[in-house]
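Have a look at the structure below before the remarks.
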Amino acid sequence: MARGITQTDVDRAADALLRAGERPTIERVRQALGTGSPNTVTRLLDVWWRGLGERLQAQADKLALPEAPTEVAALASQLWEHALAAGQAQAEQALTRAREALAAEQARVNAQGEQVAPASRGGSPRRGRGRGGAAPCRVPAE
């Protein structure tokens, strides 16, 4: 015996279309379900539309936080401020360490540059090179 579509089928298809950013229409719901007469889908989709506002409000109520007593809100605010201050202090310490490491690396690179500079200005020739200190030029044969 063939089974017709149900309100649950239409609700799921319409919800999926809405989540995908598409407006649930009769044709889109029928396409998503792969079945259903336009008259049946119209009737069930109308029920879905009528209940949409209530479902959205129920979802919003579920996500909303209850009103907290003043004392609790004040303590939570203080806790948040302390957490922010601690995070800021940690970030500043990490930044200081990173700056110190960068300065040390920059000093090391500068020292290496100073050692290489005299050699490049005609200082002592390097090992393994010809008399002029330059490596011989080799052109590959074709």
| task | Scan the range 28-40 and give yes if some residue there is charged (D, E, K, R), within 16 Å of ARG12 (Cβ to Cβ) and either at pLDDT 90 or above or outside the structural domain of ASP15 (by TED's automatic domain parsing) (or both), otherwise no. | result | yes
| said: Take LEU52 and tell me if it is assigned by TED's automatic domain parsing to the domain that holds ALA14 and among the hydrophobic types (A, V, I, L, M, F, W, C). | reply: yes
| task | Identify the single condition in (1) exposed (fewer than 10 other Cβ atoms within 10 Å of the Cβ); (2) touching a Lys or Arg at 6+ places or on another chain (Cβ under 6 Å) that GLU54 does not satisfy, given that it satisfies every other one. | result | (2)
| said: Of everything in the range 116-142, what is surrounded by 10 or more Cβ atoms within 10 Å (Cβ to Cβ), modelled with pLDDT of 60 or more and either touching a Ser or Thr at 6+ places or on another chain (Cβ under 6 Å) or not hydrophobic (A, V, I, L, M, F, W, C) (or both)? Give them in sequence order. | reply: PRO118
| remark: Residue count, the range 7-43, condition touching a residue at least 12 places away in the same chain (Cβ under 8 Å) and over 38 Å from the mean Cα position of the chain (by Cα), comes to 6
| Does GLU100 fit the bill of being surrounded by 10 or more Cβ atoms within 10 Å (Cβ to Cβ), among the acidic types (Asp, Glu) and assigned to a helix (DSSP H, G or I)? | yes
| query | Do the conditions hold for GLY21, that is, is it surrounded by fewer than 10 Cβ atoms within 10 Å (Cβ to Cβ) and either assigned to a helix (DSSP H, G or I) or of a type outside the set (A, V, I, L, M) (or both)? | reply | yes
| Sole exception among (1) in a helix (DSSP H, G or I); (2) surrounded by 12 or more Cβ atoms within 10 Å (Cβ to Cβ) for GLU81, by number | (2)
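The values are calculated or read from the model by the stated rules, or taken from the named source; none is laboratory data. Note that this is a predicted model, so its numbers are computed, not measured. Every residue, glycine as well, gets a Cβ built from its backbone with ideal geometry; the counts of neighbours run over all protein chains shown.
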